[in-house]
C-alpha cells in the first residue's frame, strides 16, 4: 500500500513539474532571428533625409529597437533614437545626417539581437554662380558659391569640361568663413572660349566628394 502511494505521489510530482515547465516555455517569447537594416540611399547630399528600415526576423509588434550611429571618422556609437516593431516585426527611422555616418540597430529581444552596420555617405552641398554667362572673349568672370556644411580653410576646384568629357581644374580658391553653417568661395577667371564649368570639393575624412551643378558660359 505504501509503495503504491509513493509511486502515485512520484507520478503526480513529475506530471506537475512537466506542466509547469511547459507553461513556462509557452510564456517565453519566441527566439529572435537576425535583425536587418538598410538605407534608402548609399549616399545623400548634405541636409537630405534618408530612411532607415529593417526587420526583426520572427518578431512581432511592440519590440523596442534602438538606433545607434557614429561618424565615419569616429569609433564610438551613440544612441540616435528608438522605434517599435509592427505586427510583422518591421521598423523604420528617419535621419538627416550632417556627415558620413555608420548606423546599426539593436532589438530588445531575448537575447538582444543587433544588425550589421550600414554606411550612408554624405556629400557637401556645393553651389556655383557666375557673374556673366555670356561674356565677351577675354572678359573676367567671377565664379562664386557656398559649401554646406562649413569647411573653412579647405580648397575647392573650379573645373572646365574638356572635349572628351573629362574635367580639368582651372582654379582652386580657398573656402572662407561665412558663419557657423557654411563656407564661401570666390574667384575671377578670364574666359577666352565657351565652356562648361563646375565646382568640386574633394572627399575627406567625414564627407564624400561634393559636386556643384554645371554652368555653361557662351562667349560672344
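Values in this text are rule-based calculations from the coordinates and carry no lab data. These numbers come from a predicted model, not from an experiment. Glycine gets a Cβ as well: all are built from the backbone with ideal geometry, and neighbour counts include every protein chain shown.
On a C-alpha basis, how far is the centre of segment 46-100 from the centre of segment 151-220 in Å? Whole number, if you could?
Centre-to-centre distance over Cα atoms comes out at 35 Å.
Taking 0.36 nm per intervening residue step and subtracting the Cα-Cα distance, what contour gain separates residue 142 from residue 94 on full extension?
Using 0.36 nm per residue and subtracting the Cα-Cα distance, I get 13.4 nm.
So if I take the alpha carbon set of segment 35-120, get Rg, then get Rh from the Kirkwood formula, what is the Rg over Rh ratio?
My calculation of the ratio gives 0.97.
For a footprinting-style exposure proxy, rank 131, 36 by other Cβ within 10 Å, fewest first.
Ordered by Cβ neighbours within 10 Å, fewest first: 131, 36.
Suppose the chain between residue 84 and residue 168 were pulled fully straight at 0.36 nm per residue; how much longer would it get relative to their current alpha carbon spacing?
This chain segment gains 25.2 nm when fully extended.
Please list the equivalent ellipsoid semi-axes of segment 125-217, computed as the square roots of five times the alpha-carbon gyration tensor eigenvalues, in descending order and whole angstrom. Display every interim value, and only then the final one.
Values: eigenvalues 109, 45, 18 Å².
Sorted largest first and rounded, they come to 23, 15, 10 Å.
Can you compute the FRET efficiency between residue 129 and residue 64 using 1/(1 + (r/R0)^6), with r the Cβ-Cβ distance and R0 = 30 Å? Round to the nearest 0.05.
My answer for the efficiency is 0.05.
Over the chain, what relative contact order in percent results from Cα pairs under 8 Å that are six or more residues apart? Could the numbers behind the result be given before it?
Details: 534 pairs, mean separation 38.6, N = 220.
It comes to 18 percent, rounded to a whole number.
At q = 0.16 Å⁻¹, what is the base-10 log of I(q)/I(0) for the chain according to the Debye formula with one equal point scatterer per Cα and no solvent? Please give it to two decimals.
Result of the Debye calculation: -1.02.
Taking the highest mean first, how do the peptides 164-171, 151-158 order by number of other beta carbon atoms within 10 angstrom per residue? Working shown, then result.
Details: 164-171: 11.1, 151-158: 17.4.
Order by mean packing, descending: 151-158, 164-171.
What order do you get for 55, 137, 38 when you list them from fewest to most C-beta neighbours inside 10 Å?
137, 38, 55
Based solely on its DSSP helices, what 222 nm [θ] is calculated for the chain when runs of n ≥ 4 H residues each add -39,500 (n - 2.57) and the sum is averaged over all residues, nearest 500 deg cm²/dmol? Don't skip to the end; give the middle numbers.
Details: 1 runs with 26 residues, N = 220.
About -4000 deg cm²/dmol.
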